[in-house]
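*Asks:* For reference, the structure I am asking about is given below.
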Amino acid sequence: MVKNMIETILNYVNKMNLSDFENFMAYYFANVYEDTEFYIENHPTIKNVLLRLGYGFPERFTDAYIIHSIPYELYENPLDIPVDSPYIRKILHRVFEEYNDKIVFGNSSEYGIYDSSLQGIYFVNNLYGFPIEYYKDYLNIEYNKLVEEIGTYFSHNHGFIGHFGEIFSGVGNLDSFVSFSLDNTIALLNSYNNDVFETSISFSEGILKVRRCSFDKYITSGIGKVTKSPYCSLIAERINEKNEIINEFEDLINREPSESELEKFLTRYYKDLFGSIYDRIETQTWLKFPDIDITHKDRRLDIFLHNSIVNDWELFELKRIIPLTRTYRDVSVLTAEICYSIQQLRNYGRTLSNHAVKEQLKRDGIEYYEPSLNLVVGRESTLPHDQWRWLVSTNKEIKILTYDDLLSEMVNRLKAHTDFLGIE
């Protein structure tokens with residue numbers, strides 16, 4: 001239970017865009033140190049820097065917390081994730097400029113007493129899920145190298161007092177602050193959501209709607225199909241509307257609809273059902289290549305979805321609600337109609353791999369590379385889960401989804417955006 005709660009929090013915070021992540025971390029630290037000898041405040045002039053202030057003997061000291069959101073999803077190898085960037089260097093330069101001649105090391109009487117002396121620099125980033133050794137043996141070292149390099153530059157060019165290498169530097173991340181206090185993090189996330197939010201105003205079909213909203217970071221949102229630029233998806237507070245779509249879909253599949261009805265519904269709500277990673281849909285796409293087709297016919301594809309994350313297309317063939325399996329000599333097997341549909345998809349894949357077909361569809365605006373093949377058919381399997389998974393895995397090139405799978409995924413996606421409102 002605790003593990004699931006932690007995963008929910010980490011997934012939610014990780015999807016925050018840069019601005020929301022910085023605001024939440026400021027909110028988090030301000031509340032963490034609320035009842036201690038320290039207190040947190042935003043830097044008055046440097047964006048994305050927090051100051052932890054405290055009183056020691058004999059001087060007042062300051063720690064600088066630099067909020068650093070890293071697009072680490074772009075890197076396959078964790079050791080390639082950079083902490084050095086013009087953005088971070090600019091912030092460090094401004095911090096050092098402000099605290100020039102206010103850095104105290106060891107016995108402060110050796111250098112005099114300075115108001116708001118800089119004692120340490122900490123980086124707070126959005127990484128999570130990596131082993132503790134990665135943070136200690138790689139990330140912390142890389143941050144320290146950067147701080148020492150820029151600090152040494154200022155020592156040589158701006159007359160810093162003392163030796164810069166003695167300034168303490170550290171790094172924190174999502175894993176560390178959630179682990180520090182799970183209950184406190186849950187409470188603060190709930191409070192933050194109630195206290196800090198954006199507002200979305202829309203006017204559609206003569207109705208004015210005002211909603212609370214948030215934005216996902218662009219890495220989880222995708223690429224615009226026209227501009228090809230990253231964008232942040234708007235997550236408006238549309239809980240009732242989302243639930244209505246779920247209920248409508250559930251009613252639809254319960255009454256055994258036609259393939260045409262299913263296609264219309266899935267086309268209308270494809271992002272809700274398949275996910276926001278898909279930014280474009282094409283339906284009823286003709287493959288008029290009888291000389292290539294195995295039975296020398298023109299073919300018509302049900303749904304083509306563009307996956308903006310991998311920048312490729314995925315084919316979804318829709319079939320009505322039919323039985324998925326039957327028994328043959330006491331062994332569960334896929335029904336003949338399912339097997340026929342799988343073979344049909346294999347034929348589509350064969351046709352789509354032809355260069356002439358690729359070039360024609362590219363001219364029509366569908367440029368694909370290695371399109372995945374998906375069959376959407378039937379309701380939840382009545383077989384034991386291990387047997388169903390084995391049957392599905394025997395057709396590795398075809399992914400078989402049921403309409404109950406789509407319904408469950410839609411419910412889970414909505415839950416991911418609402419769990420933080422009241423995690424139990």
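Every read-out reported here was derived from the displayed coordinates using simple, explicitly stated rules and does not represent laboratory data. Everything quoted here is computed from the prediction, not taken from an experiment. No Cβ is skipped: glycine too gets one built from the backbone with ideal geometry, and neighbour counts run over all protein chains shown.
*Asks:* Go through 71-82, 123-134 and give me the packing order, highest mean Cβ count within 10 Å leading. Don't skip to the end; give the middle numbers.
*Replies:* Numbers: 71-82: 11.8, 123-134: 17.2.
Descending mean neighbour count gives 123-134, 71-82.
*Asks:* What is the spin-label model distance, in nm, from residue 367 to residue 267 if the labels are put 7 Å beyond Cα along the C-beta direction?
*Replies:* Spacing of the two 7 Å Cα→Cβ label points: 2.6 nm.
*Asks:* Report the GluC sites (Glu not before Pro) located in the range 302-401 that are in a DSSP loop and have at most 11 other Cβ atoms inside 10 Å of their Cβ, or state none. Working shown, then result.
*Replies:* Details: sites: 314, 317, 337, 359, 367, 380, 397; in loops: 367, 380, 397.
Answer in residue order: 397.
*Asks:* Among the trypsin sites (Lys or Arg not before Pro) in the range 305-369, which ones are in a DSSP loop with at most 13 other Cβ atoms within 10 Å of the Cβ? Mind listing them? Provide the component values of the computation, followed by the final result.
*Replies:* Numbers: sites: 319, 320, 326, 329, 346, 350, 358, 362, 363; in loops: 319, 320, 329.
Taking the range 305-369 and a limit of 13 other Cβ atoms within 10 Å, the loop trypsin sites (Lys or Arg not before Pro) found are 329.
*Asks:* First select every other residue whose beta carbon is under 15 angstrom from the beta carbon of residue 382; then total the charges, Lys and Arg +1, Asp and Glu -1.
*Replies:* Details: positive: 326, 379, 389; negative: 380, 386, 404, 405.
Combined, the nearby Lys, Arg, Asp and Glu give -1.
*Asks:* Looking at the square roots a ≥ b ≥ c of the eigenvalues of the Cα gyration tensor of the range 263-342, which shape do they give, rounded for a/c under 1.5, prolate if a/b is larger than b/c, or oblate?
*Replies:* Numbers: a/c = 2.33, a/b = 1.33, b/c = 1.75.
Oblate.
*Asks:* Sum up the charges of everything whose Cβ sits under 12 Å from the Cβ of residue 47, counting Lys and Arg as +1 and Asp and Glu as -1, but leave residue 47 out. Walk me through the numbers on the way to the answer.
*Replies:* Values: positive: 90, 94; negative: 22.
It works out to a net charge of +1.
*Asks:* Right, another one. Any chance you could count the Lys pairs in the range 239-419 whose alpha carbons are under 13 Å apart, treating pairs 8 or more apart or on different chains as valid?
*Replies:* On the way: 242/271; 242/415; 264/319; 288/297; 288/358.
Number of lysine pairs found: 5.
*Asks:* Expected output is a single nm value to one decimal: the length gained when fully extending between residue 250 and residue 331, i.e. 0.36 nm times separation in residues minus the C-alpha distance. What is it?
*Replies:* Contour length minus Cα-Cα distance gives 26.1 nm.
*Asks:* Among 330, 272, which comes first, second and so on when ranked by fewest other beta-carbon atoms within 10 Å? Can you show the working numbers first?
*Replies:* Numbers: 330 5, 272 20.
The order, fewest Cβ neighbours first, is 330, 272.
*Asks:* Something else now. At 0.36 nm per residue, and after removing the present C-alpha to C-alpha distance, how many nm does the segment from residue 312 to residue 190 gain when stretched out fully? Each step should come with its number before you reach the end.
*Replies:* Working: separation 122, 0.36 × 122 = 43.92 nm, distance 3.73 nm.
That works out to 40.2 nm of additional length.
*Asks:* Then there's this: Which FRET efficiency value, to the nearest 0.05, is calculated for residue 19 and residue 149 with the Förster distance at 35 angstrom and r the Cβ-Cβ distance? Don't skip to the answer; put the middle values down first.
*Replies:* Numbers: r = 28 Å, r/R0 = 0.80.
Computed FRET efficiency for residue 19 and residue 149 comes out at 0.80.
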